[in-house]
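A.B. asks: Input: one structure, supplied below.
We did not get these values from a lab; they are worked out from the coordinates using the rules stated. Worth saying up front: this structure is predicted, and the values here are computed from it rather than measured. All Cβ positions, even for glycine, are placed from backbone atoms using ideal geometry, and neighbour counts span all protein chains on display.
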RNA sequence: GCCGGAGUAGCGUAGUGGUAGCGCAACCCCUUGGUAAGGGGUAGGUCGUGAGUUCGAUUCUCACCUCCGGCACCA
């Protein structure tokens, strides 16, 4: 980093410009080099817009950005990507460059090279990058005709670059950025020299990535790095990563003994342990209560079905790749079901329905199996066997919007209860340019999308639209969350289906005595047990509220003298009537020979909400000494008062503020 | 599925061409202790699975399984 001083820049018409006192002392850099090819339009200094010149028929701009500016981050990262490419080509001649953008928290560059980069290579590359930054090579921008650029990059063996330029319209010029002799096709902007990047960067990892994001293309090697304005920011970022790792549901799932996997069962097929099962059951019990309030009725259906069912449902047309191969039973193909809709549709179809009895809402926490791509499996977030909080609502066309809204409100109740705020809603639509993934009924797609838009508008929830994300049978609203490692998942869904009435012949008798088609809403506000629990583990960092905690209270006797009293307290807690509890309170007792401090530590490690310390004083007073996992000591509390407190928390599903 | 990396006791890890240590957990003994680790001892591993190379493989090679980081996929 250069010494703080006022900055003077020469501009194309010979004038120079110096910056006002406000930026004196700050590091000031320009987005394009002093070899500015064309004139500047405007500059931004400390957030203020400065008009400098009239445009001279060009898109070239001068923007002044100090390193303190948040925008500097993107420049630093983009510059770092260039310097990364320089270093790689310097150390590994013959490696072709492709693209290298700035991304959230860093940058990457994709290279074409036969040999993989090793961890040692990364260290060497990073060292070379530091030298290039130290050398402070000046940046220069040139504008070339497209054809010259293609010829040039082909000549120097950069075939990927040449291909990129070919996709630019023929009459356009392209900008080439030079850092010393090294140069790259680039739109810019860049700092005036490589020294402006600073040294607060790290190369983090290498990964495979397909050329132009298409798995039919060659696979390139992507080197990722992180870059910041100063060491402090870098440290803070690394610290955040470490914190995220501590919340990772895979790690906590192991520590708290919630679930496990076995190679002998298979990839993506989770085994729920007793502690994890508590969370499942409590979620299911919550769903049971909420759905009963909303008029749902429960059903139960098998995990498999014959091929004919999935032919009829169109799963074998649109969804076969995601299904496990069939089992041959007595010469017939049976499939593990990937969804529950067909089974539920058969239940609807088993009886006649009058318009008066609609909507009919049938619900089931139902097990599904999907043959997800092996590389996409991730802990409980993405699995091959899972249990969905599923329900299908069969209604009249004129009821669809209101039913959809009703489901949105159900989502809102769940999200409010669990204080889930970090998510966004996505209206998932078909890709009209690529309809083979979807049922070919353009008018019905439009009508369904309009119902959802109207429902979303009326309920007032913000959302974004996304093409190519719909189900094959209809559009939907997905609730998108991010895992702790930054991967986005749909955690809840609310879908509209116009196909089923045709494929399954589902209808109702209208007030005119004639058969009318039904509309179907598929919904899973709690997603699957697997993904939702994974999310909750990370959301709560394993410190579940009392209603979800596998163990809600642990009794810690200080001496053997009070063991009998401790056992009595435990039994009274277990038998305490709790309206919402699936099976009373979950309380255990630490009768080990360890010291109290040690027992407290063990309970803390398991993130148990309540530690009930019992010694002679408590036994004498028929009380418990209550410690919260936050570390707060609530002191001695009469038994009855503690019973009231924990019962209230379990029933309301809301912890008392600590 | 693809590219790369990795699999050693329940968990976290060290290590080696001559069949393996450490910490935590477990178990036993001593300690009966007042809010995050008292002390001592014992047991526990066919080093992911299978094949190959070798006098000898946990170590080297290959295949498979599983996991991790990305990419692609993701109702």
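A.B. asks: How many angstrom separate the Cα center of segment A:191-252 from the Cα center of segment A:422-457?
C.D. replies: Centre-to-centre (Cα) distance: 35 Å.
A.B. asks: Hey, can you rank A:397-405, A:615-623 by average C-beta count inside 10 Å, highest first? Provide the component values of the computation, followed by the final result.
C.D. replies: Numbers: A:397-405: 19.0, A:615-623: 15.7.
Going from most to least packed, we get A:397-405, A:615-623.
A.B. asks: Another one. Taking Rh as the Kirkwood radius, which is the inverse of the mean 1/r over Cα pairs, what is the Rg/Rh value for segment A:162-308?
C.D. replies: Radius of gyration over Kirkwood radius for segment A:162-308 works out to 1.17.
A.B. asks: Expressed in nm to one decimal, what extension gain is obtained for the pair residue A:572 and residue A:617 from 0.36 nm per residue of sequence separation less their Cα-Cα distance? Please report the intermediate quantities before stating the final value.
C.D. replies: Working: separation 45, 0.36 × 45 = 16.20 nm, distance 1.90 nm.
Using 0.36 nm per residue and subtracting the Cα-Cα distance, I get 14.3 nm.
A.B. asks: Order by neighbour count: A:143, A:579, fewest other Cβ atoms within 10 Å first, most last. Before the final figure, lay out the partial values.
C.D. replies: Details: A:143 14, A:579 9.
Ascending number of Cβ neighbours within 10 Å: A:579, A:143.
A.B. asks: What distance in nm separates the simple spin-label points at residue A:135 and residue A:436, each placed 7 Å from Cα in the Cβ direction?
C.D. replies: Label at residue A:135, label at residue A:436, 5.0 nm between them.
A.B. asks: Roughly how many whole Å is it from the C-alpha centroid of segment A:478-524 to that of segment A:310-347?
C.D. replies: Between the Cα centres of segment A:478-524 and segment A:310-347 lies a distance of 18 Å.
A.B. asks: Further question on the same structure: Take every DSSP beta bridge whose two residues both sit in segment A:359-485, then give the antiparallel share in percent to the nearest 5. List each step's numbers first, then the result.
C.D. replies: Values: 17 of 21 bridges.
Bridges in segment A:359-485 are about 80 percent antiparallel.
A.B. asks: So if the hydrodynamic radius of segment A:299-363 is defined as the Kirkwood radius over C-alpha pairs, what does Stokes-Einstein give as its diffusion coefficient at 20 °C and 1.002 mPa s, in µm² per second? Could you put the intermediate results ahead of the total?
C.D. replies: On the way: Rh = 13.1 Å.
This corresponds to a translational diffusion coefficient of 163 µm²/s.
A.B. asks: So, one more: Just to confirm the number: angle between the C-alpha axis of helix A:639-652 and the first principal axis of chain A, 0 to 90 degrees, nearest 10?
C.D. replies: Value to nearest ten degrees: 60.
A.B. asks: Can you give the relative contact order of segment A:275-434 as a percent, counting alpha carbon pairs under 8 Å and 6+ residues apart? Intermediate values should be presented prior to the final figure.
C.D. replies: Values: 152 pairs, mean separation 33.7, N = 160.
That works out to 21 percent.
A.B. asks: Relative to 2.2 N^0.38 Å, what does the C-alpha radius of gyration of segment A:426-550 come to as a ratio? Two decimals please.
C.D. replies: Values: Rg = 17.8 Å, N = 125, 2.2 N^0.38 = 13.8 Å.
The reported ratio for this selection is 1.29.
A.B. asks: Sorted from largest down, give the three principal axis spans of the alpha carbons of segment A:556-658, whole angstrom values.
C.D. replies: 35, 25, 22 Å, listed from the longest principal axis down.
A.B. asks: Kirkwood-based Rg over Rh for chain A (C-alpha set), two decimals?
C.D. replies: On the way: Rg = 31.2 Å, Rh = 29.7 Å.
Value, to two decimals: 1.05.
A.B. asks: Still on this structure, I have one more. Please arrange A:105, A:262, A:313 by counting, for each residue, the other beta carbons lying within 10 Å of its beta carbon, fewest first. Before the final figure, lay out each step's value.
C.D. replies: Values: A:105 18, A:262 10, A:313 26.
Ranked by crowding around the Cβ, least crowded first: A:262, A:105, A:313.
A.B. asks: Still on this structure, please answer the following. What value, in deg cm²/dmol to 500, does the helix sum -39500 (n - 2.57) over DSSP H runs of n ≥ 4 give at 222 nm once divided by the residues of chain A?
C.D. replies: On the way: 18 runs with 212 residues, N = 658.
Rounded to the nearest 500, it is -10000 deg cm²/dmol.
A.B. asks: Also, I was wondering about something else. Taking N as the number of residues in segment A:486-644, what value does Rg over Cα atoms divided by 2.2 N^0.38 Å take? Spell out each step's value before the answer.
C.D. replies: On the way: Rg = 24.5 Å, N = 159, 2.2 N^0.38 = 15.1 Å.
Ratio of Cα Rg to 2.2 N^0.38 Å: 1.62.
A.B. asks: If you don't mind, another one. List the pair-distance distribution P(r) of segment A:271-380, using every Cα-Cα distance, as the percent of pairs falling in each 5 Å bin from 0 up to the bin containing the longest distance, rounded to whole percents.
C.D. replies: Distribution as computed: 2, 9, 15, 17, 18, 16, 13, 6, 2, 0 percent.
A.B. asks: Still on this model: Could you quote the convex hull projected area for segment A:282-332, Cα atoms only and averaged over all directions, in nm²?
C.D. replies: Numbers: hull surface 22.5 nm².
The directionally averaged projection comes out at 5.6 nm².
A.B. asks: Same structure, new question: Radius of gyration and Dmax for segment A:226-322's Cα atoms, expressed in Å?
C.D. replies: When restricted to the Cα atoms of segment A:226-322, Rg and Dmax are 21.6, 63 Å.
A.B. asks: Under a point spin-label approximation (7 Å from Cα along Cα-to-Cβ), what is the residue A:251-residue A:636 distance to one decimal in nm?
C.D. replies: In this crude spin-label approximation the distance works out to 4.1 nm.
A.B. asks: Rounded to the nearest 0.05, what FRET efficiency is calculated for residue A:127 and residue A:325 with R0 set to 45 Å and r the Cβ-Cβ distance?
C.D. replies: On the way: r = 50 Å, r/R0 = 1.11.
Efficiency at R0 = 45 Å is approximately 0.35.
A.B. asks: Pop the C-beta distance of residue A:516 and residue A:458 into the FRET formula with R0 = 25 Å and round what comes out to the nearest 0.05. Mind showing how you got there, number by number?
C.D. replies: Details: r = 24 Å, r/R0 = 0.96.
That pair, residue A:516 with residue A:458, gives E of 0.55.
A.B. asks: Right, something else. To test your reading of the geometry: what angle, between 0 and 90 degrees and rounded to tens, separates the Cα axis of helix A:529-540 from the longest principal axis of chain A?
C.D. replies: 70
A.B. asks: Given a Förster distance of 45 Å, report the FRET efficiency between residue A:397 and residue A:307 from their Cβ-Cβ distance, rounded to the nearest 0.05.
C.D. replies: After rounding to 0.05, the efficiency reads 0.90.
A.B. asks: Report relative contact order for chain A in percent, whole number only (criteria: Cα-Cα under 8 Å, sequence separation at least 6).
C.D. replies: 9
A.B. asks: Stretched out fully, how many nm does the piece from residue A:264 to residue A:199 gain, at 0.36 nm a residue minus the Cα gap?
C.D. replies: Numbers: separation 65, 0.36 × 65 = 23.40 nm, distance 4.77 nm.
Separation in residues times 0.36 nm, less the Cα-Cα distance, equals 18.6 nm.
A.B. asks: For chain A, find the longest principal axis of its Cα atoms and tell me its angle to the long axis of helix A:442-459, 0 to 90°, nearest 10.
C.D. replies: 80
A.B. asks: Quick check: residue separation of residue A:289 and residue A:172 times 0.36 nm, minus the Cα distance between them. What number comes out in nm? Please list the in-between numbers first.
C.D. replies: Values: separation 117, 0.36 × 117 = 42.12 nm, distance 6.32 nm.
Between residue A:289 and residue A:172, full extension yields an extra 35.8 nm.
A.B. asks: Hey, can you rank A:631-640, A:215-224 by average C-beta count inside 10 Å, highest first? Mind showing how you got there, number by number?
C.D. replies: Working: A:631-640: 13.0, A:215-224: 15.5.
Peptide ranking by packing, descending: A:215-224, A:631-640.
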